[in-house]
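Input: a single structure, listed below in structure tokens.
The values are calculated or read from the model by the stated rules, or taken from the named source; none is laboratory data. Predicted model only: the values in this text are computed from it and were never measured. Cβ placement follows ideal geometry from the backbone for every residue including glycine, while neighbour counts extend to all protein chains displayed. When the accessible area is computed, the model is the full protein with side chains, heavy atoms only, and any ligands, DNA or RNA have been set aside. Shrake-Rupley method; radii C 1.70, N 1.55, O 1.52, S 1.80 Å.
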Amino acid sequence: MKFEPKPDNDFRLFIATYFERCRAECPKLAAIAGKWTLEDLVPGLSDFDTRFIFADGVTVEDWVRMSSAVGRVHTALAKEAPRWARILEHLPGLNLMLAEMLDPRTYYPEARQWTYYLGDREVLETTEGYLAGKPWTPRDESFHLRKFATYFGPYLRGIDPPINVGPWENKYPLHSRFMHYFTPAVQSALSIVRRRGQRGKLGALREAKSVFPHPEVIDLVLEAVDRHYEIPAYYEEPRLTEIEHVLEDYLRDAYAVLGGHVSLIRIEPADSPAALKHKLAAVVVDPRERFFEGAKFSRFMKGRLLFYAEEILWFDSAWLIRNELGRIVNNFYTLPLESFALARYGEKIPPETALERLRGDRLPPDVCDGVGDFVRTARAPFEPGEEKAVARRVAGVFDPVLFMLETLGAELSRSNPEVP
């Protein structure tokens with residue numbers, strides 16, 4: 001195999017540039033963070049999972065405006081810097097106000113795994129201080145058990161296609177297996193054992209060597225990452241399949257170690273991936289928590305879709321659009337409405353029934369009608385090649401969804417007493 005050399009590491013420059021430009025468009029933007037640590041970002045192969053923290057007092061109208069504004073910043077950078085196509089895979093997924101970062105009711109365990117890069121010093125110090133002093137909770141355990149369950153089992157080929165990785169595409173098979181599907185599971189398993197969220201991926205791998213069996217597997221992964229995956233033998237069969245089995249077996253042994261460290265479920269070493277998911281499905285989750293976990297990702301979805309709809313020759317968005325549209329109705333309609341109804345009415349009812357019950361009471365009729373338009377638009381079938389047009393249509397009817405989520409979320413916060 002011929003490999004393209006590892007490119008320069010542009011992540012610090014990207015983070016600073018992106019934050020500066022977004023802050024110019026969004027004066028309430030206070031800080032930028034990102035999942036994992038800087039050493040975990042592999043040049044040429046990693047995207048950047050941006051997390052924004054805003055000053056308090058952001059309104060629904062502000063979110064709508066800023067979503068489109070950040071989409072324009074994203075578009076401009078993608079056109080100016082083709083080398084950043086991979087880094088710019090999506091707009092910031094999570095966008096929270098400082099008060100939400102500090103509120104136990106809207107606490108999101110992933111926040112312990114972010115690196116806080118730039119911004120208002122008081123905001124950064126307050127946020128990191130709060131997270132550092134927060135004890136491990138059942139919500140943390142649930143989050144990491146579910147994250148582990150996501151990756152527990154055989155690697156599914158084709159599930160993680162190489163998108164916008166350019167000349168480094170032939171290295172992606174190892175990057176996907178090692179950093180996208182194996183390491184996050186190890187990271188969450190270690191978080192459970194240590195009872196604290198593990199921020200770094202590579203740091204978690206190094207620490208896992210003294211916690212779980214078979215440290216030689218960790219050495220294999222760390223060496224490959226260090227060599228930018230330039231190990232031709234690992235791509236050949238049957239070696240690639242053998243590596244998949246080695247990683248799967250490692251996670252099974254790690255899972256057995258968790259037995260003495262969890263309280264929400266009973267772990268049996270013989271549990272299959274399906275058995276683990278079945279056990280987790282039986283764990284009761286506060287519907288308010290479930291509502292916020294989904295709704296938090298909605299604030300910049302309109303800008304994300306508009307960015308994907310842009311015509312940028314070196315940015316392929318077809319699969320990305322299909323991926324978003326495949327989950328957008330469930331995440332922003334079905335799940336939040338069912339969760340809200342369970343929290344407020346104590347009933348498990350279909351989302352359309354919940355929406356009608358809210359009509360004219362908590363939500364204006366025009367908002368309910370707009371949400372219905374969104375569902376019909378997002379669910380409509382479309383042909384290959386129509387992705388960008390569909391993304392524009394869905395973005396065009398998304399505002400009522402955001403209004404609904406922000407309105408219902410605010411009511412749940414007011415009605416929900418603080419939790420530890």
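Scanning segment 146-160 for residues that are open to solvent by 30 Å² or more (accessible area, probe 1.4 Å) and in contact (Cβ under 8 Å) with a residue 40 or more places away in the chain, we see that the one that is nearest to Gln113 (Cα to Cα) is Lys147.
Checking segment 249-264 against the condition returns a match, with at least one residue being farther than 30 Å from Val60 by Cβ, touching a Lys or Arg at 6+ places or on another chain (Cβ under 9 Å) and open to solvent by less than 50 Å² (accessible area, probe 1.4 Å). Of all residues in segment 175-229, those satisfying the criterion of being part of a loop (DSSP other than H, G, I, E, B) and open to solvent by 50 Å² or more (accessible area, probe 1.4 Å) are Arg195, Arg196, Arg199, Lys209, Ser210, Pro213, His214, Arg227.
Of the helices (runs of 4 or more DSSP H) that lie entirely inside segment 310-368, those containing 2 or more residues that are touching a helix residue (DSSP H, G or I) at 6+ places or on another chain (Cβ under 7 Å) and under 30 Å from Ala76 (Cβ atoms) span 318-329.
Every test in (1) farther than 19 Å from Phe291 by Cα; (2) among the acidic types (Asp, Glu); (3) over 24 Å from the mean Cα position of the chain (by Cα) is passed by Glu356 save one, and that test is (1).
Residue count for segment 93-146 satisfying the condition of being closer than 21 Å to Ala55 by Cβ, part of a helix (DSSP H, G or I) and of a type in the set (Ser, Thr, Tyr): 4.
Results for (1) touching a strand residue (DSSP E or B) at 6+ places or on another chain (Cβ under 9 Å); (2) among the hydroxyl-bearing types (Ser, Thr, Tyr); (3) without any contact (Cβ under 8 Å) to a residue 60 or more places away in the chain, shown as yes or no for each residue.
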{"site": "Asn95", "(1), (2), (3)": "yes, no, no"}
{"site": "Pro104", "(1), (2), (3)": "no, no, no"}
{"site": "Pro109", "(1), (2), (3)": "no, no, no"}
{"site": "Trp114", "(1), (2), (3)": "yes, no, no"}
{"site": "Tyr117", "(1), (2), (3)": "yes, yes, no"}
{"site": "Thr126", "(1), (2), (3)": "no, yes, yes"}
{"site": "His144", "(1), (2), (3)": "no, no, yes"}
{"site": "Glu169", "(1), (2), (3)": "no, no, yes"}
{"site": "Tyr172", "(1), (2), (3)": "no, yes, no"}
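Within the bounds of segment 80-87, is there any residue that is within 27 Å of Glu125 (Cα to Cα), acidic (Asp, Glu) and surrounded by fewer than 22 Cβ atoms within 10 Å (Cβ to Cβ)? No - not one qualifying residue is present in segment 80-87.
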